[in-house]
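Data first, discussion second: the structure below is written as structure tokens.
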Amino acid sequence: MADINPFSMSGTQHSQHWPSLVSPDYWLNQGFLLMTGQPKSAWRWNPGTTLFSTQRGVLTGVVMYLTMVFGGQVIMKKVAKPIRMKRFTQLHNLSLTLISGFLLLAFLEQCLPAWRDKGFFFTICGAESWTQPMEVIYYLNYLTKWLEFVDTVLLVLKKKKLEFLHYYHHSLTMVLCFEELLGRVSV
């Protein structure tokens, strides 16, 4: 078996712009191969088929989220002490931090070469900047918005006061990410 140099760019996919060891694209592909047996390049967003890909599902998610926010606060008023889940909260926050950092690096790996070669406007606004590798990243980012609903659950259980901006941001950021995928809108 040939030795693989993790710092080499030879044998990389067209969407991989960094050496394998530090390439989010490489690691995403490895994850897809492990979980599905298919390369990441075979994945596509299919409205109505892909998980959480219908407007009805998104609307249901937002309604359930807001019900949990306001209903949870009413229920927690009847509970004597706040419910604190310190270890779970720490694990949740660490997971979101690592996932967000990874997705940031994945965005940068795809966007920086386009920015260098075609400019800022193309990278942010060009219809051609919507690529399959970016679609995967957009979808994973969208999925994290569902995971971030747990933040609010934890705050409700702790009996923390929730400001309008908090639940407005969480619910509509998820909708925005969904619409970005549905409309194939670049960064």
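The values are calculated or read from the model by the stated rules, or taken from the named source; none is laboratory data. Since this is a predicted model, take the numbers as computed values, not measurements. Please note: Cβ atoms are built from the backbone with ideal geometry, for glycine as well, and neighbour counts cover all protein chains shown. We work out accessible area using only protein heavy atoms, side chains counted, and drop any ligands, DNA or RNA first. Shrake-Rupley method; radii C 1.70, N 1.55, O 1.52, S 1.80 Å.
In the stretch 87-142 the Cα-Cα distances spread across 5 Å bins starting at 0 as 4, 18, 23, 20, 14, 9, 6, 4, 2, 0 percent of all pairs. Phi angles across the stretch 28-40 convert, under the Karplus curve 6.51 cos²θ - 1.76 cosθ + 1.60 with θ = phi - 60°, into 3J(HN,Hα) values of 4, 4, 4, x, 5, 4, 5, 7, 10, x, 10, x, 4 Hz, Gly and Pro given as x.
Note on residue 88 and residue 60: their simple-model spin labels are 2.3 nm apart, each label 7 Å out from Cα toward Cβ. Set against the labelled values [x] 1.43; [y] 1.04; [z] 1.00, Rg/Rh (Cα atoms, Kirkwood Rh) computed from this structure falls on [y]. Rolling a 1.4 Å probe over the protein heavy atoms leaves residue 131 with an accessible area of roughly 50 Å². Between residue 154 and residue 175, full extension at 0.36 nm per residue minus the direct alpha carbon distance yields a gain of 5.4 nm. Applying 1/(1 + (r/R0)^6) with R0 = 41 Å to the Cβ-Cβ distance of residue 98 and residue 77 gives a FRET efficiency near 0.75.
Counting only alpha carbon atoms, the long axis of helix 86-118 and the longest principal axis of the chain meet at about 40°.
In order along the stretch 42-49, the Karplus-derived 3J(HN,Hα) couplings, from 6.51 cos²θ - 1.76 cosθ + 1.60 at θ = phi - 60°, round to 7, 7, 9, 6, 10, x, x, 10 Hz, and Gly and Pro are given as x.
What the chain shows is 62 Å² of accessible area per residue, with the surface traced by a 1.4 Å probe over protein heavy atoms.
Students often get this wrong: which residues of the stretch 99-142 have the backbone nitrogen under 13 Å from the point 7 angstrom along Cα-to-C-beta of residue 36? Counting backbone N atoms under 13 Å from the label point, the list is 132-140.
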